[in-house]
Amino acid sequence: MPKKQDKRELTEVFQSSDKIYAPSKKIIKEANVPDYEKTLKNAAKNPLKFWEEAAMDLTWFKPWEKTFDDKKKPFYKWFVGGKCNLAYNALDRHVGTEIENKLAIIFEDENGTEKKYTYKELYFEVNKLVNALRGYGVKKGDRVAIYMPNIPEISMAMLACAKIGAMHSVVYAGFSSQALADRINDARAKVIFTADGSFRRGKVIDLKSIVDEAIKQTKTIKRVIVVKNNKQPIKFNKKLDVWFDDFIKGQPTEAKAAKMDAEDPAFVLYTSGTTSKPKGIVHVHGGYPVGVLRTIKWVFDLKGDEVFWCTADPGWITGHSYIIYGPLLAGITTVQYEGMPDMPEPDRIWKVVEKYNVNVLYTAPTLIRAMMKYGAKWPQMHAMPSLRILGSVGEPINPEAWKWYHKYVGKGKCPVMDTWWQTETGMNMITPLPSAPLKAGSACKPFPGIIADVVDKKGKKVPVGKGGFLVIRNQWPSMIRTIFNNPERYIKTYWSEVKGVFFTGDVAFKDKDGYFWIQGRTDDVLKVAGHRIGTAEVESSFVSHPAVVEAGVIGVPDPVKGEVIKAFLILNAKAVASDELKIEIIKHVRHNLGPVAVIKEVEFVDKLPKTRSGKIMRRVLKAKELGLPLGDTSSLV
Ligand code: WTA
């Protein structure tokens, strides 16, 4: 829980730009939602009706009896009594329609290997996996861990779990064995999916050995299913390991989807919070796809035949909602690319867009800034006529990056959808639609049916232009249901900071036109290259090095990665400060947390600024580091 002294001062007055990028006549004419303001107004009149209509886009085995139930708030329920299945909606229902022969997945890896699956082919593969998993005893309610690269088999594994009603817990393959073990243990996962290795910048990352290391520290894993991805040798443990292809060999290509209650959990996805223990965010079979399908259709203006490329990794919520479930729920084609966007040359990303006629490109500011560094000549070499809509997610996009993206990638014709949302929200929450007037660097207004606001600690609206806490005033179908194994933490983190509203942990301000400008986190969560990581997690990893007794970690601005980590460390009496020791400690943390922890600098100090109760005041460290005013230091000892 963030404490008062750790929060950013909320008195700053921010600057916004009022230049409007008006939608073209053509865009308005073609848009699924041509009248932006009217649609917002209509949805605001009756959000429940709005979501009921959205839910009709899915297939229900049994219709719901009650749209929304807040009797046990904040454990809200949606579509109560309804029966459905997330994977059935993403896959099965398209089979037997004209969608079945359409490409569901286009895959390419860094070396240029290509694979394509139609909906029908994907359906068969998933069914084989469902049958194999069921044969192995995986059933409704079980948890299955997934630690894989961005390859078609990760989509298959996720869909197969959802079809059975087992919860998948995908762990980003840039996390370390320790982080993976912690997540397996919290979820008590029975089975894990992985691959021999993954391609990254021409190198092979050995994933299987990370899994081997992790499961030494767990008791629940009974099977390791390994995709032969790049044929590098692995240590094969006959008792535990099975090759993916052998696992599904000979299995029937038909399988029935489990009839799930709308409120049955579909998956858990761990994300960083303010303590060193990650939170298992739980999403459900009914509401989650309602929110994801409605947002992907409207924000990215889908007509039904798009090629959609979200460059995130399936290991994050962006990948869950907009690489896998969103595009498949909508029956369009999703692109999975395994590797770096600048390999072998900085225009690989634009080449992929052209090669597959990508219509929607959804990426992160950190990637846009990395491409800006290479120069506009690279996107200028590619006309990319198929592109219609651009998206951005994961961190605030600075106006310069927005304009560059709009001008050189979208050639001035493609609206940029800056989508603000979180693992907890499941879907885009504050975002323009293509028919909205845009401002570079603003996520625009809340999606229809969502009521967001900027308030002070007491929940009072702050004046226009003044920073405050970003909160959501109402509920929505794809919202987090609980924290796995920890309902108290769910209540405390999201529903106790400001009374009666969902606390996002972000700081924002609204301008005179009601546009939201997101400023970053108020708590101790960092966004390093768009990846969410907690300062407490990083600190506890530093302290696990024998030479370190105390650590204070802050995020410092980085022109490409958004934020990188700086650590202030107190060494134990025996340790001798040296550059070698710094390197050794950084290595230790990278090994401990995985490559997500990008550490820019380590500084050895004698003291750390603390409150009387002994809490490290990261705010003070940060202000000093950046040469900013210290703010309220009354609690500083
Ligand atoms: C940040 C990622 C500004 C924000 C989908 C949020 C953003 C956190 C934006 C959630 C955006 C995400 N503008 N900030 N468009 N999108 N964020 O859970 O701080 O990995 O709270 O979900 O990312 O990160 P998460």
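The values are calculated or read from the model by the stated rules, or taken from the named source; none is laboratory data. Just so it is clear, the structure is predicted and the values come from calculations on it, not from any experiment. Virtual Cβ from ideal backbone geometry, glycine too; neighbours counted across all protein chains shown.
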Requested in this report: Taking ASP186 as the residue in question, decide whether it is farther than 24 Å from GLU338 by Cα, in contact (Cβ under 8 Å) with a residue 60 or more places away in the chain and surrounded by fewer than 21 Cβ atoms within 10 Å (Cβ to Cβ).
Outcome: yes
Requested in this report: Within region 293-302, track down each residue that is more than 12 Å from the ligand (Cβ to nearest atom) and either free of Cβ contacts under 8 Å to residues at least 24 places away in the same chain or crowded, with 24+ Cβ neighbours inside 10 Å (or both).
Outcome: LEU293, ARG294, ILE296, PHE300
Query raised in the report: Restricting the search to region 502-524, which residues are within 16 Å of the ligand (Cβ to nearest atom), of a type outside the set (S, T, N, Q), out of contact with any helix residue (DSSP H, G or I) (no Cβ under 6 Å at 6 or more places or on another chain) and assigned to a loop (DSSP other than H, G, I, E, B)?
Result: ASP511, TYR515, ASP523
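One line per residue, one yes/no per condition, for (1) closer than 22 Å to ILE368 by Cβ; (2) modelled with pLDDT under 95:
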residue	(1), (2)
ASP261	no, no
LEU269	no, no
LYS277	no, yes
VAL284	no, no
PHE300	yes, no
GLY326	yes, no
MET343	yes, no
Requested in this report: Identify all residues within region 266-297 that are more than 14 Å from the chain's Cα centre (by Cα) and part of a strand (DSSP E or B); write none if there are none.
Outcome: ALA266, VAL284
Report summary line: If we ask which residues in region 591-637 are touching a residue at least 60 places away in the same chain (Cβ under 8 Å), among the basic types (Lys, Arg) and under 18 Å from VAL543 (Cβ atoms), their number turns out to be 2
Query raised in the report: Taking strands (runs of 3 or more DSSP E) that do not extend beyond region 332-427, which have at least 2 residues that are within 16 Å of the ligand (Cβ to nearest atom) and touching a residue at least 24 places away in the same chain (Cβ under 8 Å)?
Result: 360-363, 389-393, 416-419
Query raised in the report: Residues in region 224-246 that are crowded, with 21+ Cβ neighbours inside 10 Å and not in a loop (DSSP other than H, G, I, E, B): how many?
Result: 5
Report task. Scan LYS499, LYS457, LYS445, LYS439 and give me the residue that is in contact with a helix residue (DSSP H, G or I) (Cβ under 9 Å, 6 or more places away or on another chain) and modelled with pLDDT under 95. Result -> LYS457
Query raised in the report: Taking region 525-534, which residues are under 24 Å from ASP456 (Cα atoms) and either within 11 Å of the ligand (Cβ to nearest atom) or among the polar types (S, T, N, Q) (or both)?
Result: VAL525, LEU526, LYS527
Report task. With the checklist (1) within 14 Å of the ligand (Cβ to nearest atom); (2) within 15 Å of ASP513 (Cα to Cα) in hand, flag the one item PRO437 doesn't pass. Result -> (1)
